[in-house]
1. Can you name the residue in segment 76-103 that is under 12 Å from the mean Cα position of the chain (by Cα) and charged (D, E, K, R) and, of all such residues, is least open to solvent (accessible area, probe 1.4 Å)?
2. May I ask you to list pairs of residues, at least six apart or on different chains, whose Cβ atoms are under 6 Å apart, with the first in segment 66-94 being free of Cβ contacts under 8 Å to residues at least 60 places away in the same chain and under 26 Å from Ser26 (Cα atoms) and the second being of a type in the set (Ser, Thr, Tyr) and buried (at least 16 other Cβ atoms within 10 Å of the Cβ)?
3. Restricting attention to segment 97-105, does a residue exist that is part of a helix (DSSP H, G or I) and either basic (Lys, Arg) or within 30 Å of Ser29 (Cα to Cα) (or both)?
4. Quick one: would you say Asp119 is touching a helix residue (DSSP H, G or I) at 6+ places or on another chain (Cβ under 7 Å) and assigned to a loop (DSSP other than H, G, I, E, B)?
5. Consider Met13 carefully, then state whether it is more than 22 Å from Leu85 (Cα to Cα), in a loop (DSSP other than H, G, I, E, B), at pLDDT below 55 and open to solvent by 60 Å² or more (accessible area, probe 1.4 Å).
6. When only residues in segment 51-65 that are aliphatic (A, V, I, L, M) and either touching a residue at least 24 places away in the same chain (Cβ under 8 Å) or open to solvent by 100 Å² or more (accessible area, probe 1.4 Å) (or both) count, which is nearest to His40 (Cα to Cα)?
Amino acid sequence: MSVKSVQSMKSVMTLLQSEDDDLEVSLDSLVIPPSSRLLHAWDLVGLLAVFHDFLVLPLMLLNLEDSSGTLAMLWIVRVYWLLDLGVCFFKGYVNNEGIAVVRITSVARRYIISWFLLD
């Protein structure tokens, strides 16, 4: 290999690395800060979905006749849980030192290690 080809390979690798860094920075801007009202509202809807599931799912064992309202609520809650699976990859958190973490790689790693399998 000539010196020129090695230099050209290094410049390509540098360019690819800078593109990866740019992508990560742009994805970091999508992370929702833990103090966001939007995040609090999303979590409140999640709490209501938990209450709904807690009350309705045991009643489904009784095979009661489903109304259109009941079916609509079941689907709304299902869609919420499906969307929540993706949203959790973008929910910032506060670490043990009390610092808000909004870096996409840290947020996604924490979610995969903690709640992803349960969700």
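1. The residue in question is Asp84.
2. Cys88/Tyr111; Phe89/Tyr111
3. yes
4. So Asp119 passes the test.
5. Taking the combined requirement at face value, the residue does not satisfy it.
6. Restricting to residues being aliphatic (A, V, I, L, M) and either touching a residue at least 24 places away in the same chain (Cβ under 8 Å) or open to solvent by 100 Å² or more (accessible area, probe 1.4 Å) (or both), the top hit is Leu55.
The values are calculated or read from the model by the stated rules, or taken from the named source; none is laboratory data. Quick caveat: nothing in here was measured; it's all calculated off a predicted structure. All Cβ positions, even for glycine, are placed from backbone atoms using ideal geometry, and neighbour counts span all protein chains on display. Quick note on the areas: whole protein, heavy atoms, side chains included, nothing else; ligands and nucleic acids left out. Shrake-Rupley method; radii C 1.70, N 1.55, O 1.52, S 1.80 Å.
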